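Worksheet for the structure shown next.
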Amino acid sequence: MSDTPSAFPPPPPGSIPPPAYQPAPSPLPNYQPPPISQPPAGYPQTWQQPQPGVNAGWGSVGVLTQFSGTALWAIFLGAITIVVPLAFGRVFFFLPILGIISGARAIQQGKLIGGIVGIALSAIGGILTLVGLFG
């Protein structure tokens, strides 16, 4: 063996007991939590039931946000691929594909309802395009 000392100290003898656990002293020995505050004067003391008819109809605002942005473009492209072949006898080859891609992007952005509507309209328009090409 070599003459250099070990990198680790020797283990303690087995006759020494481990140190006893002592909790840490409290940093604030005289701390008292503040009393529960009271609401200001004129403020209702208990929770009150909302009145019926108040704010009625505002739940639909959240649904309308599903039909904005990329979802609106998907719906618009799907509607064009349906209306134009039926009304004018013309077909657009790439619009159904663009509508499906826009619908998928809308779903990725959290606009599930608008994306599904756009994809469905684009799929119907794609079927009409295929019928117009081969039928």
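Any read-out appearing in this document is the output of simple, stated calculations on the displayed coordinates, not a laboratory observation. The structure presented is a predicted model; accordingly, all values stated were derived computationally and were not measured. Neighbour counts run over all protein chains shown; Cβ positions are idealised from the backbone, glycine included.
When SER15, SER68 are sorted by how many other C-beta atoms sit within 10 angstrom of their C-beta, beginning with the fewest, the order is SER15, SER68. Distances between every pair of Cα atoms in segment 65-134, grouped in 10 Å steps from 0 to the bin holding the largest one, split as 28, 49, 20, 3 percent.
Net charge near ALA71, counting Lys/Arg +1 and Asp/Glu -1 over other residues with Cβ under 13 Å of its Cβ?
So the surrounding residues net to +2.
Segment 90-135: which chymotrypsin sites (Phe, Trp or Tyr not before Pro) are DSSP loop and have at most 12 other beta-carbon atoms within 10 angstrom?
On the way: sites: PHE92, PHE93, PHE94, PHE134; in loops: PHE92, PHE93, PHE94.
Of the chymotrypsin sites (Phe, Trp or Tyr not before Pro), the ones in loops of segment 90-135 whose Cβ has at most 12 other Cβ atoms within 10 Å are PHE93, PHE94.
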